[in-house]
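Reviewing the structure listed below.
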Amino acid sequence: MSTYYQPPKYPASTFESMTPSDETLPVVVVGAGPVGMATALGLAQRGIPVTVIEAADQVSFGSRAICISRHSLEAAGRLGFGEQLEKIVLPWVGGRSYYRDEQVLHFEMPLRDFDVRPPMINVSQSEFEQIMVDTLEQNPLITLYWQTSIAGILRGDDEVTLEVDTADGKRHLRARYVVAADGGRSRMRELAGLRLQGTSYEGRYVIADIHWESDLPAERMVWFDPPSNPGSTIIMHKQPGNIWRIDYQLDPSEDAEIETQEDAIRARITKHLDWLQNDLPWTLEWKGFYSARALALDEFTHDRLLFAGDAAHLVPIFGVRGLNSGMEDAETLAWQLAAVIHGNATRPCCRHTPPSATMRGSRTSPTPASPRSS
Ligand SMILES: Cc1cc2nc3c(=O)[nH]c(=O)nc-3n(C[C@H](O)[C@H](O)[C@H](O)COP(=O)(O)OP(=O)(O)OC[C@H]3O[C@@H](n4cnc5c(N)ncnc54)[C@H](O)[C@@H]3O)c2cc1C
């Protein structure tokens, strides 16, 4: 039976606009992805009220990050959801790389007697995020609004007013600071008139999650130019519940539209599993497509708007970056912003909007969707 994780759905949140008489302004976090939620937990831990707005009605579904580093596990522990998380994960310590059918590398990451946590674990980003949502919901300093998306920003000297779209129409939220953690296609970036700079790579990958009760070990396995798929690179990872993540590279001559059809993906995976001498049944649970980018904003701090995670920088996922580097952003941002709010540090400044040029009362109009810079 399939064990593929289906996150629960949440109804649209209803709330009224904040008024000028609201004295205690929260930090507003735009985006309840892992980075936005980790930032919210870190700020709340330091006594700061946080409102998180999330456009979707559930956490992410399907295969995104699956490899979580020891450092992110430590962060999860500090932020109050490590114990729950560690109950459901699959630890691993090493991997193998093959060129054609020959093993060319076997590596093991350090796991010493005094290490409390494994160097790496696998779990779906979906479940990782759901545990974070459950933790947020128990925190009296955090309010999470579902199906609420950012529509406009009005920057002032001492606060920021956000226009948000809700199921009941437009609402306004006031914030001391705004953390833009709304992901790679960040609307916040567009509203602030910012663009990512960097490189998009040619490599295109099909990503699939399959349910397969194989007893192969939970190692990172990579094949370069394997006999099953000559010219391609194939990466396999075991996740909890006998879900296997398979990433394979498309040849530049292949048509992505055809190659991402279910039949084409099944044929390609069958070839590889047959070559591994598999005789067990498997089912395709999820499929996706990925191409690598290395893009970043010149500055992450724009007066009272602070960019974090994929909204601030996109990195190729190979090397388990993305969620893991975003957790580092979140922890750093939370303690530094808390220090500013508590008066223990000076306000972050930036090149693009120096304090003298803050747009008091001027709306950064919701710009038309520009072609994605990513
Ligand atoms: C196929 C794939 C595999 C990956 N594998 C790995 C891996 O193994 N390890 C790793 O560390 N990383 C990996 N990553 C990268 C990782 O998924 C991202 O880096 C990570 O999700 C970034 O988190 P985030 O919170 O910054 O953004 P996101 O996770 O994208 O979250 C942004 C949130 O903002 C919400 N949002 C968007 N627009 C609005 C709006 N207008 N208003 C309000 N809310 C909004 C979105 O609904 C979403 O919930 C992978 C990514 C992909 C695509």
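A short reminder: the numbers here are calculations on the coordinates, not readings from a lab. Quick caveat: nothing in here was measured; it's all calculated off a predicted structure. With ideal geometry, Cβ positions are generated from the backbone for all residues, glycine too; neighbour counts draw on all protein chains shown.
Summary of computed values
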{"read-out": "Hull shadow area, averaged, the chain [alpha-carbon convex hull, nm²]", "value": "20.3 nm²"}
{"read-out": "Region 202-292 - percent relative contact order, Cα under 8 Å, separation 6 or more", "value": "44 percent"}
{"read-out": "Span-like helix ranges in the chain, DSSP H, alpha carbon extent 24 angstrom or more, Kyte mean at least 0.0", "value": "323-341"}
{"read-out": "Shape of region 155-198, Cα gyration tensor, a/c cut at 1.5", "value": "oblate"}
{"read-out": "GNM result for the chain, Cα springs below 10 Å: residue of ALA267, ALA192, ALA292 fluctuating most strongly", "value": "ALA267"}
{"read-out": "Other-chain or far-sequence residues with amide H under 5 Å of ALA292's (modelled H)", "value": "TYR201, GLY203"}
{"read-out": "Residue exposure sequence - ASP182, ASP225 - by fewest surrounding Cβ within 10 Å", "value": "ASP225, ASP182"}
{"read-out": "Debye-sum result for region 202-292 in log10 I(q)/I(0), which assumes one identical scatterer on each alpha carbon, at q = 0.12, 0.14, 0.21, 0.24 Å⁻¹", "value": "-0.33, -0.45, -1.06, -1.41"}
{"read-out": "Relative contact order, percent, the chain [alpha-carbon distance under 8 Å, six or more residues apart]", "value": "23 percent"}
{"read-out": "Segment ALA296-ASP215, length gained on full extension (0.36 nm per residue, minus Cα span)", "value": "25.1 nm"}
{"read-out": "Value at 222 nm in deg cm²/dmol, rounded to 500, when DSSP H runs of n ≥ 4 in the chain each add -39,500 (n - 2.57)", "value": "-6500 deg cm²/dmol"}
{"read-out": "Fraction of beta bridges assigned by DSSP in the chain that are antiparallel (%, nearest 5)", "value": "75 percent"}
